[in-house]
Amino acid sequence: TWTPDSFVETTVADLKAKIGTDKVILGLSGGVDSSVAAMLLHKAIGKNLHCIFVNNGLLRKDEFPSVLEQYEGMGLNVKGVDASARFLDELAGESDPEKKRKIIGRVFIEVFDDESHLVENAKWLAQGTIYPDVIESVSATGGPSATIKSHHNVGGLPDFMKLSVVEPLRMLFKDEVRRVGASMGLDPLLLGRHPFPGPGLAIRILGDITREKVAILQEVDAIFINGLKSAGLYDKVWQAGAMLLPVNSVGVMGDERTYEKCVALRAVESTDGMTADWVNLPYEFLQKTSNDIINKVRGVNRVVYDISSKPPATIEWE
Ligand code: XMP
């Protein structure tokens with residue numbers, strides 16, 4: 001029978017045998033999957049694991065420094081690379097969701113390739129791909145899900161990278177990944193983090209991305225997520241976040257009519273992200289969150305709550 005401990009034991013042994021004394025590069029995202037993959041490799045090969053954490057400028061508020069600090073505390077060999085400007089410049093003016101994902105995927109590979117050349121004799125690239133990523137990326141019929149996660153690179157890298165891919169979590173579901181992480185002693189705060197998409201806030205800003213929109217959404221997201229935490233609701237929700245909509249709507253401020261942005265809040269229950277139900281958050285909580293957002297975030301005058309389930313609605317809005 002499968003247990004987290006036996007999985008760790010056999011996986012660490014397999015990784016040792018497969019990798020030997022080679023060096024491995026791994027892209028950390030701050031999330032559960034890549035962190036658990038890193039801990040398994042760290043156990044197997046120690047300092048030969050070189051982790052890279054890229055700031056794509058689309059992370060949550062204060063996420064880059066705080067996640068880096070957390071990884072250093074775990075004993076991982078991590079380099080933080082701030083490539084925000086490069087990503088945001090390349091995204092400027094693009095509104096098509098799939099093109100945004102493709103740009104982010106390409107720039108990520110470019111940044112990663114530059115960084116991997118700084119690690120001498122790197123032979124392997126490790127990824128925290130999990131089973132649902134594999135299924136959602138390779139839908140053979142070319143249906144909509146074939147492009148859902150086009151930045152994931154599941155199934156291989158461009159030839160120029162010349163690295164072999166190792167994906168120790170490829171057969172696991174999210175709950176199993178969390179149990180494996182727990183059995184290795186990972187911080188429960190990290191293990192309990194909501195999933196967050198690789199393209200980050202780019203797919204929660206509908207339409208084109210500007211630095212100003214990113215800054216607005218970071219503030220809104222922080223109010224919502226911190227509010228869930230202080231109300232004791234964060235752990236009851238599988239994933240939550242805010243979307244910045246490409247519409248302005250009318251409002252009043254004093255005697256003036258305003259014409260400002262609208263945000264949608266989304267919170268869902270799920271076990272693997274493949275289906276999801278919207279969460280019945282208490283009205284008092286929604287009321288307080290909406291007031292906080294409208295009072296504190298300049299440029300937003302309307303907040304709505306998304307009451308759609310997946311399918312047919314997806315969790316993200318793009
Ligand atoms: P959807 O929106 O397809 O999301 O219902 C299902 C889960 O996948 C995440 N997601 C992504 N993750 N790259 C990712 O790494 C992506 O392009 C992407 N799109 C969606 C989403 O946050 C949810 O957890």
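The values are calculated or read from the model by the stated rules, or taken from the named source; none is laboratory data. None of the values given here were measured: they were computed from a predicted structure. Using ideal geometry, Cβ is built from the backbone for each residue, glycine included, and neighbour counts are taken over all protein chains shown.
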Item to check | Residues (surrounded by fewer than 19 Cβ atoms within 10 Å (Cβ to Cβ) and of a type in the set (A, V, I, L, M)) located in the stretch 13-51 | outcome: Ala13, Ala17
Checklist entry - When the stretch 213-237 is examined, which residues are found to be among the β-branched types (Val, Ile, Thr) and in contact with a Phe, Trp or Tyr (Cβ under 9 Å, 6 or more places away or on another chain)? => result Ile225
Item to check | First in the stretch 257-280 and within 21 Å of Lys213 (Cβ to Cβ), second anywhere and away from the ligand (no atom under 13 Å from the Cβ) and outside any strand (DSSP E or B), Cβ under 6 Å, 6 or more apart | outcome: Glu260/Gly299; Lys261/Gly299; Val263/Val220; Leu265/Phe224
Checklist entry - Does Leu157 fit the bill of being assigned by TED's automatic domain parsing to the domain that holds Ser95, at pLDDT 95 or above and either within 14 Å of the ligand (Cβ to nearest atom) or part of a loop (DSSP other than H, G, I, E, B) (or both)? => result no
Next on the checklist: Quick check on Val263: is it within 16 Å of the ligand (Cβ to nearest atom) and under 21 Å from Pro197 (Cβ atoms)?
Outcome noted: no
Item to check | Condition broken by Arg170, with the remaining ones in (1) within 16 Å of the ligand (Cβ to nearest atom); (2) at pLDDT below 95; (3) more than 30 Å from Asn291 (Cα to Cα) satisfied | outcome: (2)
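When you check Ala17 against the structure, is it touching a Pro at 6+ places or on another chain (Cβ under 8 Å) and under 18 Å from Glu167 (Cα atoms), yes or no?
Details: touching a Pro at 6+ places or on another chain (Cβ under 8 Å): no; under 18 Å from Glu167 (Cα atoms): yes.
Considered against the rule, which asks whether it is touching a Pro at 6+ places or on another chain (Cβ under 8 Å) and under 18 Å from Glu167 (Cα atoms), Ala17 comes out as no.
Okay, residues lined up against (1) within 25 Å of Pro132 (Cα to Cα); (2) assigned to a strand (DSSP E or B); (3) out of contact with any strand residue (DSSP E or B) (no Cβ under 9 Å at 6 or more places or on another chain):
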| position | (1), (2), (3) |
| --- | --- |
| Ala240 | yes, yes, no |
| Asn248 | no, yes, no |
| Ala264 | no, yes, no |
| Asp272 | yes, no, yes |
Next on the checklist: For the stretch 106-125, which positions are touching a residue at least 60 places away in the same chain (Cβ under 8 Å) and within 16 Å of the ligand (Cβ to nearest atom)?
Outcome noted: Phe108, Phe112
Checklist entry - Is at least one residue of the stretch 89-97 within 19 Å of the chain's Cα centre (by Cα) and over 25 Å from Gly192 (Cα atoms)? => result yes
Checklist outcome for this item: Flagged pairs (Cβ under 6 angstrom, 6 or more apart or on separate chains; first in the stretch 12-28, over 25 Å from Val111 (Cα atoms); second surrounded by fewer than 18 Cβ atoms within 10 Å (Cβ to Cβ)) are Val12/Lys43
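Which residue out of Glu260, Glu219 is part of a helix (DSSP H, G or I), acidic (Asp, Glu) and not assigned by TED's automatic domain parsing to the domain that holds Asp89?
Step by step, each of Glu260, Glu219 is checked, and only Glu219 is part of a helix (DSSP H, G or I), acidic (Asp, Glu) and not assigned by TED's automatic domain parsing to the domain that holds Asp89.
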Checklist entry - Can you tell me which residue in the stretch 192-207 is nearest to the ligand (Cβ to nearest atom), limited to those that are in contact (Cβ under 8 Å) with a residue 60 or more places away in the chain and within 20 Å of Arg298 (Cβ to Cβ)? => result Arg204
Checklist outcome for this item: Matching residues in the stretch 279-318 (among the acidic types (Asp, Glu) and away from the ligand (no atom under 16 Å from the Cβ)) number 2
Checklist outcome for this item: Checked Gly254, Gly273, Gly232 against criteria (surrounded by fewer than 17 Cβ atoms within 10 Å (Cβ to Cβ), at positive phi, modelled with pLDDT under 95 and in the same structural domain as Asn301 (by TED's automatic domain parsing)); the one match is Gly254
